[in-house]
Amino acid sequence: MSEDRQDEHDEPDFSDELEDQWIAEWDQAEHDAVEVLRNALRQYRAQPQPGDQLTEAAATVRTRLPEGGHPLNWVRRAAAMINDPAPDVDTELLIQLASATISPREETGLDVEEESLLMSLEHADWLGAIISTVRGGPGADASPDALVDAIRNCPEVVTESGIDFDEESHLEAAFWIIALPWQVIGLIDPDQRLTALGQWILPRALARAWGGNFD
């Protein structure tokens, strides 16, 4: 073996080390984001389940899941429920589906542009949108443009630079992707207003998406 080839063979490979470092940093960022969420909405952690709304929404979802079709088909894929059975517990079913709209566990089947838009949303975007909307309570505007305003007005994530026009358009487009699934799951009503179920499910789904537990 030539000296050059020997040197090439002996050269350390940093790719695995860098990947491990990136994963550790990402895991820490998600842990920190869950703590921000839990602290910001601490008074909602003991909130009782909205029993009737939860039961009704879960029944509707269970009926529609086997039928497929948009949008539950992509949400079901994202939640890894294509081959695995849906959870028997209603709360778990809705939390898993809502969580999958935030951080898909599997490929969604959406077109490349839509999936890229959805995955581009950052921790601060989700925190601002959900914290502010949950604080607004049932009936709060949860339309895509209102979710952008929610980010802008959330003290936990607000920045001096704010949100520029291009970023605002990008965020609205991303939130439009989840608008219909959230309505089907029962988190928002047909007028895109937060429901009592949405107020209860969303913070738990967000924490779940990041590997945490809101309660």
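The values are calculated or read from the model by the stated rules, or taken from the named source; none is laboratory data. Quantities reported herein were computed from a predicted structural model and do not represent experimental measurements. A quick note on method: Cβ atoms are made from the backbone with ideal geometry, for glycine too, and the neighbour counts reach across all protein chains shown. Remember, those area values only see protein heavy atoms, side chains included, never the ligands or the DNA or RNA. Shrake-Rupley method; radii C 1.70, N 1.55, O 1.52, S 1.80 Å.
Mind pulling the angle between the C-alpha long axis of helix 123-136 and the longest principal axis of the chain? Nearest 10 degrees, somewhere in 0 to 90.
10
Let's test the formula: R0 of 30 Å, r as the Cβ-Cβ distance of ALA24 and THR60. What FRET efficiency results, to the nearest 0.05?
That gives a FRET efficiency of 0.15.
Given the options ASP164, ASP52, ASP191, state which has the largest fluctuation in a GNM of the chain using a 10 Å cut-off (strictly under) for Cα springs.
Result for the chain, Cα springs under 10 Å: ASP164 fluctuates most.
Under a 1.4 Å probe, what is the accessible area of the chain per residue, stated in Å²?
On a per-residue basis, the chain sits at 54 Å².
If we sort 174-187, 66-79 on the protection proxy, mean other Cβ atoms within 10 Å, highest first, what's the order?
Going by the mean number of other Cβ atoms within 10 Å, highest first, we get 174-187, 66-79.
In nm, what is the difference between 0.36 nm times the number of residues separating ILE82 and GLU168 and their Cα-Cα distance? Intermediate values should be presented prior to the final figure.
Values: separation 86, 0.36 × 86 = 30.96 nm, distance 3.36 nm.
27.6 nm is the gain from fully extending ILE82 to GLU168.
Could you estimate the translational diffusion coefficient of region 117-215 from the Stokes-Einstein equation, with Rh from the Kirkwood formula over C-alpha pairs, at 25 °C and 0.890 mPa s, in whole µm²/s?
On the way: Rh = 13.4 Å.
Translational D for this selection: 183 µm²/s.
For the chain, what are the per-bin percents of Cα-Cα distances with bins 5 Å wide, up to the bin holding the maximum?
1, 7, 14, 18, 19, 16, 9, 5, 3, 3, 2, 2, 1, 1, 0, 0
Select from ALA59, ALA100, ALA46 the residue whose mean-square fluctuation is largest in a Gaussian network model of the chain (Cα-Cα springs shorter than 10 Å).
ALA46
Quick one: which of 137-144, 200-207, 112-119 comes out on top by average Cβ neighbours within 10 Å, and what's the full order, highest first?
200-207, 137-144, 112-119
Let me make sure I get this right: for region 103-158, a, b and c are the square roots of the gyration tensor eigenvalues over alpha carbons, sorted descending. Under 1.5 in a/c it's rounded, otherwise prolate if a/b > b/c, else oblate. Which is it?
Prolate, since a/c reaches 1.5 and a/b exceeds b/c.
Alpha carbon centre of region 27-80 versus region 81-110: separation in Å?
First find each Cα centre; the distance between them is then 8 Å.
Compute a Gaussian network model of the chain, connecting alpha carbons closer than 10 Å, and tell me which residue from GLU17, GLU30, GLU92 fluctuates the most.
Ranking GLU17, GLU30, GLU92 by mean-square fluctuation puts GLU17 first.
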